[in-house]
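Heads up: the structure comes next, in structure tokens.
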Amino acid sequence: MAENNRFTKATWKIMEQLLEVDNLDEALSGSLEIIIRELDSEAGAIWYLDPKTDRLSPVFHVGPADISNISVENGIGLEGVVTKTGKSILVTDPQNDPRFEGSVFEDSGIEAKTMICVPLNNLNDIIGCVQLINKNDGTEYTEEELQLCERMASLAAMTIDEKGLIIPEEEEKEVLISLRDVTKEFPSGDGVLQVLKGINLDIYKNEFVVVLGESGCGKSTMMNIVGGMEALTDGKLLVEEKDFSHPTDADLTEFRRKYIGFIFQSYNLMPNLTAVENVRFVAELVDEPMDSAEAIAKVNLSDRADNYPGQLSGGQQQRVSIARAIVKRPKLILADEPTAALDYTTSIEVLKVVEDIVRDEGTTVMMVTHNPEIAKMADRVVKVRSGKIASIKRNLHPLHAEELVW
Amino acid sequence: MLKNWYGDCMKKTQLKDSLRNISRQKVSFLSIVIIAAMAVMAYTGLNFASEAISGNASRFYDSVKFRDVEIVSSLLVSEEDLKALKEIDGVENAELVWQSYGTLKKGNEDISVSVVSLTKEVNVPSLVSGRLPKSADECLIDFELAGKNDIREGDKITIKDAAYLKGEEFKVCGLSMNADHAVNMMAMPGARYVTVLPDAFDRESLDGCGMKAVAGFKDVIGTNRFGADYKAYTEGVLDKIEALADTQTDRRTDAIMDKYNAQIADGEEQLKEAKTQLDAAKAELDAGKAELDAREQEYADGGKLLSEKEKEISDAEKKLAEARAQLTEGYRSIDDAKNTVRENVKDAIRKGLGQEFVDAVKWGSPTDTFDVDDPNLTATRLYLLQHHYIDLNEPMLGHISFVLSSLLQQGITEEQILAAAEKVYGVIEIFPEEGIIQAVARKITETYNNFDNKYEQFAGAARLWDEKHAEYLAALAQLKDGKAQWNAGRTEYRNARVALDYGWSKYNDGLAQYEAGLNEYNLGLAELEKAKARLSGVDPCQWVVLGPGGNGSYGMIDSSVKNISDMGITFALIFILVGALVIYATIGRIVDEQRKLVGATKALGLYRREIFQKYLMFGVGGTIIGMILGVVGGYFLIQPILTVTYGRFYNFECSHKAFILLMSLIVIVCGIILATVAVWSACSVLLRSSAMNLMQDKAPGTSKKSGKASSKSLYTRLILLNMLTDKKRVAVTIVSIAGCCALLVGGFTMRIAIVQAIDRQFTEITHYDSITIFSDDAAEKQLPVTQTRLESAGADTFALMTADMPFVAAGSIKPGLIYCGDLDAIQSFFAAADGTAGEKIDADAEGIWVFSGLLDKVDFKAGDTFIVYDRNMQPHSAKVAGTFKNYFGREILMNEKTYESIFGEVPENNTLLTINKNATAESVKRILSSTDGVESTAYSLETHDEYRNLASALDLIALLMVVIAGVMAYFIILNLVTMHVNQKRRELTIMRVNGFTVKEAIGYILRETVVSNIVGIILGLGAGMLLGYRVIMLLEGVGSHYIHEPRPTAMLLAILITIIFSVLVNFLALRKVRYLKLTDIA
């Protein structure tokens, strides 16, 4: 009885999510999150079938695994079979289940123990499937849970049908940085505090990734590891397929010097250098930097180039900080709460600069923020919760900075 | 109380915040504590030590009632002088002292000692063991002297050549420590005292006057004898004594003149009387001589007569000898004739009677020996038979009858004889009245006469011989008589000679006595003239009034007390300056770091004073803790080290520690004020700024840009920019490093300048291996002998004259020691180089060459004149020929000509400089120690060691200063570098995050540190040179001159230490850069 009530409530929540949210992307990803939460699943994904290529790609996925760049052929694999056949599958014993031929999550370190995969059926076609894998409490999925999932999938399919889901053509993206089962522990008193508990994430070239999460969830730690500022405890960090899991200090310095540009919440400018000097100070580190004045011009600060940080406003300082980040022509810019200390207008100005950089310079930007509104302008939004990737959402239609409102 | 304080001034949370602020800035706080501790420790420690030494010395001087003044008079100190001295206001006690220098004989060794009379109220010897002397033949001996020469209580000692000392043998009744010798022999060499009762001196011959007087002043017991009060007080009393000296010396001069004029008059009278007596004696002698001459004539006549008589006797003796020879010959001829007679008688009997009758007769034998001088000898007696002689004056018949009669005694009868005869002669007629024998004899006689008819002739010759013999005997008797007479005459003659000789000897004795008397008279006359001349030339009486500083030991202690205190002030000034700067820099940096926080607290409504208290607590709190630790360290660490080090030079107990409460409190109060000022200076600007201003990022003062691109990388420019932007911090860093470096340079300079000066003295200047001074009496004889002995042993020697010669410089009398001789030849032994030209001094220059150390104390230059005193303390004017380079000693060089021109007398060599050369040190030592009349011998090697030993005390101070400066330097650099790294932590992290390597990040800090260190060291070297010079000048005395030039070694060491500390501290501090947490800025 209680179980029924729980599922009913979950169904209502999903309905509410799907019906009340204007943005379909959010509605779907929200629904997936609801069902994963309700079923206490380890991970889950909504797969969407591209009729042109007859391949399935994950539109949204939740959980520690990053399967953003994976696509499977329709009819192949559990996801393909379900999409192809339109029949749900409940796997409780994958080792002995002849239908189970492996999982895409396995590459991200999630070994399938139990699984649900239900088709997304609209009125005419099967447009994809919803997949849930493993339960956090180690139990197996039940038939009831399968039914709930089917219900959710039906609702989702209906909504998609109703609102129309346009999936932009996804290009094959080149991975810049990969995190695999990355953990980070800090000594805490007599014990150890595990801040990252197994992060799996790929960052692609020329994408704008926003990492969201509550304070203390590990998002900054993850970014610090990506930025070479902190060493991971376990797992792997691959930079352009090169293993950077346990680099020397010199390697890390070299990595930061060549690959990374930083934008901090507190700007961290050299107080004794003017705006342009701050930029030049870093430009001198690389062989082919951007012209410092040009970098300053890119952030629209040419008229304040000779001002010291103390003579600039917060937004201006942050723009200097951005100019300093881009002047090296880095492959990855890490921005840690760059607008946290800024007012809305200034924040938008700063975000606009970031947006331009991604667009014009082709630089990858990974921005940590706790402002969900900013996530709307990202290509992908990674949510971190309790040291794990909670979800990775692909923004099918990212907004421009000017469109953001909070 | 604290509760009230923070209740009034500080809220509880503010206090907590202040304490946590300290906790967060541990290194800086600790640096302030340690720097304050070091500065105060150095200052208080040196002052405590100075006070402790003066306190301990004062206690000793109180216990022995040390004289506050010593008066030495050129004409002795009389009882009257003493009485006048006692009447001076301020003088408590005064006593006369008899003193004489002598030689204590110990085995083969001669030890120079000063025999001094026992005093009761002033300068009382402190007994180490035994008791005070009770009789004139007992003595106390200085315990050091006794220990060094193994002399014990109860021993008997002999002291030779001590003028005015009645006896030479003394029994040691105790060992003592004399007030004059508070500093031990090692540090203050000189003749040690043998103390005897005044009765041991021949005071009568001195008219009861003493060689000197000593006096103690009122109210000095219990005071610090090295303090300004004591010195001012004694100066006051000394002035009165100086004033008294004018009166007393005049009186003394007059008294002496009167006395000796009277003595001269007496002498003249005595000489006159003596002359009369001498003249009378001369007349008597002349008369005696005339008589002797007459007797001599008589004697000569007697001698002549004796010679004549002797000749006569000789002639007579010759004649008698001839007669004697003739008589002997004659006697022998007669004796031969007698034998013929006997044989003829035998023949006659044989013929008349037969052989058997001849054989029956016992015939006599010829004469074997005879003596012509025998008065009984006669030629007429013939021993025909044994034992029976016949007289040749009788006829032969009787002789033959006698022979025939002898036959009867042989048992032959007359009938047998007759029968035998008748056989030959037939019957023999026997006449009446005739017996058979006579009848037979007649017959035989006839037979005899038939073949010998010369019997009568022979008998006549025998009679004649007897006559001549009688004549001879008479002449012989006469000669003997004559000879006896001559012998008697000769004895008389000889006796006359003896008598005459005696007479002459008496005469000669008398004459000699006369001549001696005359000589004595002449001498007396000359002496009188000399006395008159001397008296007319006697210089007026002079007093040398010696205050406490006139005592060598007191002077040395006073100098040590002053040196330590002066150094405390000198070093402390730098310590304080550096300490204040460090507080200023530290607080300034903390406030600057907490700029926004200060702004926020201001914005929150806290008063300026409330914010100030937080930093005040940091700076002043650290300073107070440091100062308290410094006072404790100064008391318990520095003070004992110094008192123990200096104490080994003192004979008195130097274990009492001193604590100067007032000074400590003043130091702490001044420290608090200084720290408060430093804290206020560091935060005042910020505290006056508005909260808004403070909360904004600090921008450099100007945004002016040249627009001209610099060739330097921004990284390099930024380092310079940082320094220019943060001038205050950089300046403080530089000054702090300079201060530490200066302290190190100062400390090392002090140490090296002293040690090198000592070494230079004994390598560059003093080339002789020993200097031997002979006593004035022995010098003339012993010096050349010793010189010959030493040169025979292979040593080089140089004879010269040395003498103490006080001189006036800078208004006071300074001790000087004349070296007078051939200034060219002395160069091999004592290389005196011109103080200004640096070359060998001009040996023929007119004037005196003074040691260059004086130049710093007195502005002497060539051509100047100054006053020098002779041994009678009479002043003479002397010209300065120039200065010569010398570090230790107070030698004053002059040639013989200059000496003569100044003192009006010819110098007499009394000193021998010896270079061992080919002789072994042992052989030289053996020769010198076995030489009589040696007053003292100093061996350069030992003197060098003694100087080094003495310097070790100053060495220790230098070492302490170096250690303290070193500790300070370490903490200053640690604090500054830590502050710098902390200050730049964010920038460094930004750099690291942006890809700067660890090396580049470290270089960012290090370059500034290197620049600051270099500039600081350069400035420190300059300041250190000045500090070192100042310290050296403080330490120098009249007889000690150290190296003034900067010591490169000191600088190198200071640079090295500063660099080592800097490298060490930077190494530790900059390790932080390597481990910077890059995520801190995220």
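The values are calculated or read from the model by the stated rules, or taken from the named source; none is laboratory data. Please read these numbers as outputs of a predicted model, since none were measured by experiment. Methodologically, a virtual Cβ is constructed for each residue, glycine included, from the backbone with ideal geometry; neighbour enumeration extends over all protein chains shown.
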Could you tell me whether segment B:422-430 includes any residue that is acidic (Asp, Glu), out of contact with any Leu (no Cβ under 6 Å at 6 or more places or on another chain) and without any contact (Cβ under 8 Å) to a residue 12 or more places away in the chain? yes
Looking at B:SER923 and the list (1) among the hydroxyl-bearing types (Ser, Thr, Tyr); (2) touching a helix residue (DSSP H, G or I) at 6+ places or on another chain (Cβ under 8 Å); (3) outside any strand (DSSP E or B), which single condition is not satisfied? (2)
I'd like the full set of residues that are touching a Phe, Trp or Tyr at 6+ places or on another chain (Cβ under 7 Å) and either outside the structural domain of A:SER292 (by TED's automatic domain parsing) or not acidic (Asp, Glu) (or both), limited to segment A:321-343. A:SER321, A:ALA325, A:PRO330, A:LYS331, A:LEU332, A:LEU334
Restricting to segment B:659-683, and then to whatever is crowded, with 16+ Cβ neighbours inside 10 Å and among the hydroxyl-bearing types (Ser, Thr, Tyr), can you tell me which residue is nearest to B:GLY621 (Cα to Cα)? B:THR676
Looking only at segment B:1066-1080, count every residue that is touching a Ser or Thr at 6+ places or on another chain (Cβ under 8 Å), within 14 Å of chain A (Cβ to nearest Cβ) and touching a residue at least 12 places away in the same chain (Cβ under 8 Å) and tell me the total. 4
Could you check how many residues of segment B:341-363 are closer than 18 Å to B:HIS399 by Cα and without any contact (Cβ under 8 Å) to a residue 40 or more places away in the chain? 6
Just a yes or no: is a residue in segment B:390-397 closer than 30 Å to B:ASN449 by Cβ, without any contact (Cβ under 8 Å) to a residue 24 or more places away in the chain and in contact with a strand residue (DSSP E or B) (Cβ under 6 Å, 6 or more places away or on another chain)? yes
Of (1) within 11 Å of chain B (Cβ to nearest Cβ); (2) in contact with an Asp or Glu (Cβ under 9 Å, 6 or more places away or on another chain); (3) surrounded by fewer than 23 Cβ atoms within 10 Å (Cβ to Cβ), A:ALA250 satisfies all except one. Which? (2)
If we keep only residues of segment A:222-245 that are aliphatic (A, V, I, L, M), more than 7 Å from every other protein chain (Cβ to nearest Cβ) and in a loop (DSSP other than H, G, I, E, B), then the residue surrounded by the fewest Cβ atoms within 10 Å (Cβ to Cβ) is A:ALA231
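Listed here are the residues, each with its yes/no results for (1) more than 21 Å from B:LEU718 (Cα to Cα); (2) not basic (Lys, Arg).
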| residue | (1), (2) |
| --- | --- |
| A:ARG280 | no, no |
| A:SER292 | no, yes |
| A:VAL299 | yes, yes |
| A:ILE333 | yes, yes |
Among the residues of segment A:134-147, is any in a loop (DSSP other than H, G, I, E, B), within 30 Å of A:LYS13 (Cβ to Cβ), polar (S, T, N, Q) and within 14 Å of chain B (Cβ to nearest Cβ)? no
For segment B:846-888, which fully contained strands (runs of 3 or more DSSP E) count at least 3 residues that are in contact with a Gly (Cβ under 6 Å, 6 or more places away or on another chain) and modelled with pLDDT of 85 or more? B:875-884
Condition first: part of a loop (DSSP other than H, G, I, E, B), out of contact with any Pro (no Cβ under 9 Å at 6 or more places or on another chain) and in contact (Cβ under 8 Å) with a residue 60 or more places away in the chain. Can you find one or more residues in segment B:146-160 that meet it? no
Cβ pairs under 9 Å, 6+ apart or interchain, first in segment B:1039-1065 and within 30 Å of B:ILE818 (Cβ to Cβ) and free of Cβ contacts under 8 Å to residues at least 12 places away in the same chain, second crowded, with 22+ Cβ neighbours inside 10 Å and aliphatic (A, V, I, L, M), ordered by first then second residue, are B:GLU1045/B:ALA753
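What number of residues within segment B:210-222 are surrounded by 15 or more Cβ atoms within 10 Å (Cβ to Cβ) and not in a strand (DSSP E or B)?
Here the count works out to 2.
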Checked against (1) within 30 Å of B:HIS944 (Cα to Cα); (2) among the aliphatic types (A, V, I, L, M); (3) in contact with a helix residue (DSSP H, G or I) (Cβ under 7 Å, 6 or more places away or on another chain), B:VAL128 satisfies every condition except (1)
Determine if segment B:457-467 includes at least one residue that is at pLDDT below 85 and part of a loop (DSSP other than H, G, I, E, B). no
Filter segment A:207-221 for residues that are part of a loop (DSSP other than H, G, I, E, B) and either out of contact with any strand residue (DSSP E or B) (no Cβ under 6 Å at 6 or more places or on another chain) or within 11 Å of A:MET366 (Cα to Cα) (or both); which is farthest from the other protein chains (Cβ to nearest Cβ)? A:GLU207
Among the candidates B:ILE964, B:ILE990, residue that is in contact (Cβ under 8 Å) with a residue 60 or more places away in the chain, over 30 Å from B:ASN909 (Cα atoms), more than 14 Å from chain A (Cβ to nearest Cβ) and surrounded by 17 or more Cβ atoms within 10 Å (Cβ to Cβ): B:ILE964
Give me the residue from segment A:253-292 that is without any contact (Cβ under 8 Å) to a residue 40 or more places away in the chain and away from chain B (no Cβ under 11 Å) and, out of that set, nearest to the chain's Cα centre (by Cα). A:MET290
Among the residues that make up segment A:351-359, is at least one of them under 22 Å from A:GLY227 (Cα atoms) and free of Cβ contacts under 8 Å to residues at least 24 places away in the same chain? yes
Just for segment A:317-332: of the residues that are in a helix (DSSP H, G or I) and at the interface with another protein chain (Cβ under 9 Å from one of its Cβ atoms), which one is surrounded by the fewest Cβ atoms within 10 Å (Cβ to Cβ)? A:GLN317
Residues satisfying the stated conditions in segment A:333-358, i.e. under 15 Å from A:TYR204 (Cβ atoms) and surrounded by fewer than 24 Cβ atoms within 10 Å (Cβ to Cβ): A:VAL358
Within segment B:327-360, count every residue that is modelled with pLDDT of 85 or more and in contact with a Ser or Thr (Cβ under 6 Å, 6 or more places away or on another chain). 3
Of the residues B:GLY303, B:GLY288, only one is of a type outside the set (Asp, Glu) and under 60 Å from the mean Cα position of the chain (by Cα); which? B:GLY288
Of residues in segment A:293-310 being in contact with a Lys or Arg (Cβ under 8 Å, 6 or more places away or on another chain) and not β-branched (Val, Ile, Thr), the one nearest to the other protein chains (Cβ to nearest Cβ): A:GLY310
